[in-house]
Amino acid sequence: MIKIKTLNHISPACKEILPADKYQLGDNIENPDAIFVRATKMHDYPFNPELLCVARAGIGVNNIPLDVCTKKGICVFNTPGGNANGVKELFLFALAMCGREIIDSMRWVYTYDDPEVPMEVKMEKVKNQFAGPEYQGKTLGVIGTGNVGSLVANIAYELDMKVIAYDPYLSVDAAWKVSRNIERVSDVTRIFRESDYITVHVPLKDDTFNMINAEAIAQMRDGVNIINYARGEIVNEDAIVAALESGKVHRFVCDFPTKRLAETKNAVLTPHLGGTTLESEEKCAVMAAREMIEYIANGNIKNSVNLPDVTLERAGVARLCVIHANVPRMINRCLDLIGDKNINVEHMINKPLGSVAYTVIDVDQPISDEIRSAIANMSDVYRVRVI
């Protein structure tokens, strides 16, 4: 029985591929083999020795201590693209909130209390004070064109906006997702200088922390609108509050509210709703469950954020999976131990990811505890599994 602990609510859709006769799923499980997580901070989490993997039902993994997990031989997954459509659709709300004076107009409706003049009469006299610009012909700058950013760029183009895009982490796969009509720029300052609207869709890393700061805002057009559905820390709070108060930034739409932002005029805030749709939660839960199952059953890795993606079809009698430091001769040391026992290698693969590597070896005989222990006791080996 595989034990899977849930640290947050996970869509029950994943139960369809986690049958109860093989998988025990719940929030009170001790010594789990795997963990489902969404937003719970795990930096002080007591990882048990049996834990093989953590699956983040979503994209951001800043709540998980990746270095600690790697050294303990714990594979961490996320679910890229699982909630992309949900965020794209919320982006349409953000555009509306930026341009049109919707919030103030709704406030007028819900607080109207003149008993002498019917609302439907008075509104024709006041509605012009809530007028705002159309999107058509305006320039949207997209920072980050991955799963979400590419969808946002494409839908903005369909709204007849001029779209320019910058991506510091551009991949070949992502490049194919963006319409050829969208101009790519190699310098993010062009986004700052030329955009009426700026939307951010990059992961939180050292080089994106406070990317939108006072210096960046100073380069922007007066009255610019900024949308942040990526991570709160990408936009410097001091800088955005000052820019809203001065009018440099017309409106800031953000999915990561704080009390200070909530008290700032023209900050439009939602409580981390980007991927909170029934469909997104189902897709992320099912994707995370499949990643877990494949890793636990076959050692194959897809969508890991701390280990290399590795897929190898099963061959032979047993499979040896080794997570280790990316150092010379590690593979040879493992193969020497196997060869010394007259065990033949049927199939193997090794892939690195920065300072860590993952080796999968299929052999034609069972692997003894002696071999497994010998490899586990090698320096620079983080985890050994025999499947």
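The values are calculated or read from the model by the stated rules, or taken from the named source; none is laboratory data. Keep in mind it's a predicted model, so treat the numbers as computed, not measured. Positions of Cβ are backbone-derived with ideal geometry, glycine not excepted, and every protein chain shown enters the neighbour counts. With ligands, DNA and RNA removed, areas are computed over all heavy atoms of the protein, side chains included. Shrake-Rupley method; radii C 1.70, N 1.55, O 1.52, S 1.80 Å.
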* Could you tell me which of the pairs Lys5/Lys41; Lys88/Lys177; Lys88/Lys265 are separated by over 18 angstrom between their Cα atoms in the structure shown? => Lys88/Lys265
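About the Cα centre of the range 186-333, what is the dipole size in debye to 20, counting +1 per Lys and Arg Cβ and -1 per Asp and Glu Cβ, all else neutral?
Working: 17 positive and 20 negative charges, 98 e Å.
Dipole about the Cα centre, nearest 20: 480 debye.
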* If you add up the charges near Asn228, with Lys and Arg at +1 and Asp and Glu at -1, over every other residue whose beta carbon is less than 14 angstrom from its beta carbon, what do you get? -> -1
* By how many degrees, 0 to 90 and rounded to 10, does the Cα axis of helix 147-158 deviate from the longest principal axis of the chain? -> 30 degrees
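If the chain between Asn181 and Ala13 were fully stretched, how many nm would it gain, using 0.36 nm times the residue separation less the Cα-Cα distance? Please report the intermediate quantities before stating the final value.
Values: separation 168, 0.36 × 168 = 60.48 nm, distance 3.76 nm.
Value of the extension gain: 56.7 nm.
Quote to one decimal, in nm, the extra length available between Val317 and Asn332 on full extension: 0.36 nm per residue of separation minus the C-alpha distance between them.
Length gained between Val317 and Asn332: 3.3 nm.
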* Structure fact -> For Lys162, the aspartates and glutamates lying under 20 Å Cα to Cα, once residues fewer than eight places off in the same chain are dropped, come out as Glu89, Glu134, Glu183, Asp187, Glu194, Asp196, Asp222
* To do: Report the one residue of Val148, Thr189, Pro133 whose Cα lies farthest in the direction of the positive end of the charge dipole of the range 101-210 (charges on C-beta: Lys and Arg +1, Asp and Glu -1; origin at the Cα centre).
  => Thr189
* Under 4.7 Å Cβ to Cβ, no partner at all: give me those cysteines from the chain, in residue order. => Cys14, Cys69, Cys98, Cys254, Cys284, Cys321, Cys334
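Which whole-number percent gives the relative contact order of the chain, counting Cα pairs below 8 Å spaced six or more residues apart? Could you put the intermediate results ahead of the total?
Values: 749 pairs, mean separation 57.0, N = 387.
Here the relative contact order equals 15 percent.
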* Nearest 20 debye, what's the magnitude of the dipole of the range 271-387 about its Cα centre given +1 on Lys and Arg Cβ and -1 on Asp and Glu Cβ? -> 220 debye
* To do: Count the DSSP beta bridges whose two residues both fall in the chain, then state the antiparallel fraction as a percent rounded to the nearest 5.
  => 40 percent
* To do: Please calculate how many Å² of accessible area the chain carries per residue, with a 1.4 Å probe and no DNA, RNA or ligand atoms counted.
  => 49 Å²
* To do: Would you kindly compute the Cα radius of gyration of the range 288-375 and its largest Cα-Cα separation (Dmax), both in Å?
  => 12.9, 39
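Which entries of Lys3/Lys72; Lys22/Lys302; Lys125/Lys259 have Cα-Cα distances beyond 24 Å here?
Details: Lys3/Lys72 18 Å; Lys22/Lys302 22 Å; Lys125/Lys259 35 Å.
Cα-Cα > 24 Å for Lys125/Lys259; rest within.
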* Environment charge at Ile103 (Cβ cut-off 11 Å; Lys +1, Arg +1, Asp -1, Glu -1) -> +2
* **From the coordinates shown, semi-axes √(5λ) of the Cα gyration tensor in Å corresponds to which of (1) 66, 23, 18; (2) 34, 25, 18; (3) 49, 23, 18** => (3)
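Calculate the translational D of the range 1-116 in whole µm² s⁻¹ from Stokes-Einstein, where the hydrodynamic radius comes from the Kirkwood formula applied to all Cα pairs, the temperature is 20 °C and the viscosity 1.002 mPa s. Working shown, then result.
Working: Rh = 17.3 Å.
D = 124 µm²/s.
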* **Spatially proximal lysines relative to Lys122 (Cα-Cα < 19 Å; intrachain offsets below 8 disregarded)** => none
* Per-residue ellipticity at 222 nm for the chain, helices alone: DSSP H runs ≥ 4 residues times -39500 (n - 2.57), over residue total, nearest 500 deg cm²/dmol? -> -9000 deg cm²/dmol
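Which net charge results when you count Lys and Arg as +1 and Asp and Glu as -1 among the other residues whose beta-carbon is under 15 Å from that of Gln24?
On the way: positive: Lys3, Lys5, Lys15, Lys22; negative: Asp21, Asp27, Glu30, Asp33, Glu50.
So the environment of Gln24 carries a net charge of -1.
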* Zero-based 5 Å bins, Cα pair distances in the range 233-310, whole percents -> 3, 13, 17, 12, 9, 10, 10, 10, 8, 4, 2, 0
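Order these peptides, 24-32, 2-10, by their mean beta-carbon neighbour count within 10 angstrom, highest first. Let's see the in-between values first.
Values: 24-32: 13.1, 2-10: 18.2.
Sorting 24-32, 2-10 by mean packing, highest first, produces 2-10, 24-32.
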* Gap separating the Cα centres of the range 60-89 and the range 92-161, nearest whole Å -> 33 Å
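Compute, for the chain, the length of the dipole vector about the Cα centre, with Cβ point charges of +1 (Lys, Arg) and -1 (Asp, Glu) only. Units Debye, rounded to 20. Each step should come with its number before you reach the end.
On the way: 42 positive and 50 negative charges, 88 e Å.
Rounded to the nearest 20 debye, it is 420 debye.
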* Structure fact -> Note to self: C-alpha centroids of the range 246-306 and the range 195-220 sit apart, in Å, by 18 Å
